[in-house]
Amino acid sequence: MCTLEKRGRLFLLKLTGDGEHRLNPTLLDNIRSAITQIRSDPSSSQSVLITTSDGKFFSNGYDLALAASDPPLRAVMAAKLQSLVADLISLPMPTIAAVTGHASAAGFLLAMSHDYILMRRDRGFLYMSELDIELVLPAWFMSMIRMKVVSPAAKRDVALTAEKITADRGLEMGIVDSSHGSAGETVEAAVKLGEEIVRRGADGHVYGRMRETLLREVLHAIGSNESASNGVRNSGSKFWSSSWRTSTWSAFLLLPRCVGRSARF
Amino acid sequence: MCTLEKRGQLFLLKLTGNGEHRLNPTLLDNLRSAITQIRSDPSSSRSLLITTSDGKFFSNGYDLALAESDPSLRVVMDSKLRSLVADLISLPMPTIAAVTGHASAAGFVLAMSHDYVLMRRDRGFLYMSELDIELVIPAWFVAVIRMKIGSPAARRDVMLTAEKVTAERGLEMGIVDSSYGSAAETIEAAIKLGEEIVRRGVDGYVYGRMRETLLKQVLHTIGSNESASNRMRNSGSKL
């Protein structure tokens, strides 16, 4: 599911295997375990975390198929991801996402939860897929988008047009810090950047507190109860009755194309 | 005052006549009526709104002359515009402002309340005129400015220097999405963009909810009571 490796002062967290790295409860627990391990390492205040993945996907988002078979798991996954992102925001070390595959929806959000995004430009894209699969983005996702995507037009394009963002478009939008020719080059560059940052010798605990303050709106949105914005409006012919509003993702069951859409890479 | 037309899946809302399209209570009511009509159209979740105007002005802002003759109307106009903008923010369809004339103060805010701003480059400007007429910009206008204008320097130039922003300058600042050679070309482009967006087949209700979430800070500020910043200084000769 994921592995944690230490190279000098760099922690390398990798989502393993050739699958979509869907953020199901198990993977989320594994990643959170890895973060806990990182925090308890004695040298952590002088380290850097690099998150990357095997295969074609960074992460294709929540496990929607799992949520379809067991709707309460939707809230479980959301809670675990919120917890993980809050953990990343308060992590006492700089973080780099080496995006070597597609990052969609919650997967895109996971990438944005890092201080730096390095991405391969030969393949893959960042994609807030929710509009295309008729889900409303949670308010806390929107808060992250507002913090990490600067220009109003780019915010609109990410949230309201579900654009498939290549590395170079990501550079223009300011979401991606640098782009690289291949997966291998991206990871290499992340390692190089990590080593540069470590050399500066900043105190990780101070760094983490700074980042929390900078991203306090996101932490606030994560902490607040916002099930109201997770509802999906019933447009009649498409969905079951509006009494299903509480279960955000039950709606796509009637539309095979919804599940197919995010899998179609 | 304003007309509403439907062309295929596009709603065309036009501020009519050659005047300044001052946002007085009557025009604001007409606009809100038109929005209500749009919402109740059965195909609205697969549609798009384009707002434009006749003549030399998109809108020159609130009807200050009217407010001078009857100060209680100032609050009425502010309240009606807040309601209209909140309506536009929750509208279950994408929105395009085809700015074919000057848009000042409340008129500039009205333009910015759309998802896309297309503007003619041969004439006309966007202008936060308040500084020049010694009015303080209401906090909710500032919330719109903050959401729609990203760079700190651009925000300063718009609010604190009352810059007359041409289409080209608007492009640089990120307020304007694209510019055109004439009023007609601007409207044509808005229609073309509208048709493109509609072709993507997005669900308008989901889109509207997303926009509300994206602009929640603006909605919050619109909803809050902040009469302190709405004071109007009367500078006589300018108005």
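Does the range A:1-112 classify as rounded, prolate or oblate by the C-alpha gyration tensor (a ≥ b ≥ c root eigenvalues; a/c under 1.5 gives rounded; else a/b over b/c gives prolate, otherwise oblate)?
prolate
Could you tell me the distance between the Cα centroids of the range B:139-176 and the range B:52-107, to the nearest Å?
Between the Cα centre of the range B:139-176 and that of the range B:52-107, the gap is 17 Å.
Once you have the Cα-Cα distance between B:GLU5 and B:SER33, take 0.36 nm times their residue separation minus that, and quote the gain in nm to one decimal.
Answer, rounded to one decimal: 8.8 nm.
With a 1.4 Å probe and all protein chains kept in place, how much accessible area does B:ARG123 have, in Å² rounded to the nearest 10?
Approximately 150 Å² of B:ARG123 is accessible to the 1.4 Å probe.
Sort the following peptides by mean Cβ neighbour count (other Cβ atoms within 10 Å, averaged over residues), highest first: A:36-45, A:111-120.
A:111-120, A:36-45
Sum -39500 (n - 2.57) across every DSSP H segment of at least 4 residues in the protein assembly as shown, then divide by the residue count to get the 222 nm mean residue ellipticity, nearest 500.
Helices in the protein assembly as shown give a 222 nm mean residue ellipticity of -13500 deg cm²/dmol.
Distance check, please: which entries in B:LYS148/B:LYS216; A:LYS56/A:LYS192; B:LYS6/B:LYS216; B:LYS6/B:LYS192 exceed 18 angstrom between their Cα atoms? Spell out each step's value before the answer.
Numbers: B:LYS148/B:LYS216 13 Å; A:LYS56/A:LYS192 23 Å; B:LYS6/B:LYS216 29 Å; B:LYS6/B:LYS192 14 Å.
Pairs exceeding 18 Å: A:LYS56/A:LYS192; B:LYS6/B:LYS216.
Just the Kirkwood number for the protein assembly as shown, please: inverse of mean 1/r across all distinct Cα pairs, in Å, one decimal.
When all Cα pairs of the protein assembly as shown are included, the Kirkwood radius is 24.2 Å.
What accessible area, summed over both chains, is buried at the B-A interface (1.4 Å probe, Å², nearest 100)?
Chains B and A together bury approximately 2200 Å².
Averaging sequence separations of C-alpha pairs under 8 Å and six or more residues apart, then dividing by the length of the range B:104-144, give the relative contact order as a whole percent.
Relative contact order for the range B:104-144 comes out at 53 percent.
Taking amide hydrogens as modeled 1.01 Å from N in the peptide plane, which residues meet the under 5 Å criterion relative to A:TYR62, leaving out close sequence neighbours?
Those qualifying (amide H under 5 Å, at least 5 residues apart or on another chain) are A:LEU23, A:ALA106, A:GLY107.
A:LYS148 accessible area, nearest 10 Å², 1.4 Å probe?
50
Taking 7 Å along the Cα-to-C-beta vector as the label spot, tell me the B:GLN217-A:GLU172 distance in nanometres, rounded to one decimal.
Once both label points are built, they end up 2.5 nm from each other.
Going by Cα centres, the range B:187-201 and the range B:1-26 are how many Å apart?
One Cα centre to the other: 19 Å.
Taking the Cα-to-Cβ direction at B:SER224 and at B:ASP122 and moving 7 Å from each Cα, how far apart do the two end points lie in nm?
Label-label distance for B:SER224 and B:ASP122, simple model: 4.4 nm.
Set the Förster distance to 56 Å, then compute FRET efficiency between A:ARG7 and A:SER224 from the Cβ-Cβ distance, nearest 0.05.
Values: r = 38 Å, r/R0 = 0.68.
Efficiency for this residue pair is about 0.90.
Just checking the output field for B:213-219: average partner chain Cβ neighbours within 10 Å of each residue's Cβ?
Working: counts 13, 12, 6, 7, 3, 0, 0.
That works out to 6 on average.
How large is ³J(HN,Hα), in whole Hz, for each residue of the range B:179-194 in order, when computed from phi with the Karplus curve 6.51 cos²θ - 1.76 cosθ + 1.60 and θ = phi - 60°, using x for Gly and Pro?
Listing the rounded values in order: 10, 9, x, 7, 4, 4, 5, 5, 5, 4, 5, 5, 5, 4, 4, x Hz.
Could you give the length gained by full extension between B:ARG199 and B:THR16, i.e. 0.36 nm per residue of separation minus their alpha carbon distance, to one decimal place?
My answer for the length gained is 63.0 nm.
Quick query: amide H of A:LYS6 versus all other amide H atoms, modeled in the peptide plane; which residues come in under 5 Å with a sequence gap of 5 or more or a different chain?
Those lying under 5 Å, H to H, from A:LYS6 are A:LEU12.
Tell me the relative contact order for the range B:75-190 as a rounded percent, counting alpha carbon contacts under 8 Å between residues six or more apart.
On the way: 180 pairs, mean separation 35.8, N = 116.
Worked out over the range B:75-190, it gives 31 percent.
At a probe radius of 1.4 Å, what is the per-residue accessible area of B:VAL144, in Å² to the nearest 10?
Counting only protein heavy atoms, B:VAL144 exposes about 10 Å² to solvent.
When the chain is fully extended, how far beyond the present Cα-Cα distance does B:SER151 get from B:SER43, taking 0.36 nm per residue of separation?
35.1 nm
Kindly provide the pair-distance distribution of the range B:1-75 built from C-alpha pairs, with 5 Å bins from 0 and whole-percent values in order of increasing distance.
3, 16, 23, 20, 16, 12, 6, 3, 1
Based on the Kirkwood radius over alpha-carbon pairs, what value in µm²/s does the Stokes-Einstein equation return for the translational diffusion coefficient of chain B at 20 °C and 1.002 mPa s?
120
Express the relative contact order of the range B:6-97 as a whole percentage, based on alpha carbon pairs under 8 Å and six or more residues apart in sequence.
Relative contact order for the range B:6-97 comes out at 42 percent.
Could you order A:HIS205, B:HIS102 by accessible surface area, starting with the largest, using a probe radius of 1.4 Å?
Descending accessible area places them as A:HIS205, B:HIS102.
For a quick size check, give me the Cα extents of the range B:37-156 along its three principal axes, largest first, whole Å.
Projected onto its principal axes, the Cα set of the range B:37-156 covers 44, 34, 30 Å.
I'd like to check one number: the per residue accessible area of the range A:58-127, probe 1.4 Å, reported in Å² as a whole number.
Numbers: 1640 Å² over 70 residues.
Heavy-atom SASA per residue in the range A:58-127 reads 23 Å².
To test your reading of the geometry: what angle, between 0 and 90 degrees and rounded to tens, separates the Cα axis of helix B:139-148 from the longest principal axis of chain B?
40
How well do other chains shield peptide A:137-147, expressed as the mean number of their Cβ atoms within 10 Å of each residue Cβ?
3
Run a plain Debye calculation on the range A:76-216 (Cα atoms as equal point scatterers, no solvent) and give log10 I(q)/I(0) at q = 0.21 Å⁻¹, rounded to two decimals, same order as the q list.
Log10 of I(q)/I(0), two decimals: -1.37.
The values are calculated or read from the model by the stated rules, or taken from the named source; none is laboratory data. Every value quoted in this text rests on a predicted model; they were computed, and no experiment measured them. All Cβ positions, even for glycine, are placed from backbone atoms using ideal geometry, and neighbour counts span all protein chains on display. Remember, those area values only see protein heavy atoms, side chains included, never the ligands or the DNA or RNA. Shrake-Rupley method; radii C 1.70, N 1.55, O 1.52, S 1.80 Å.
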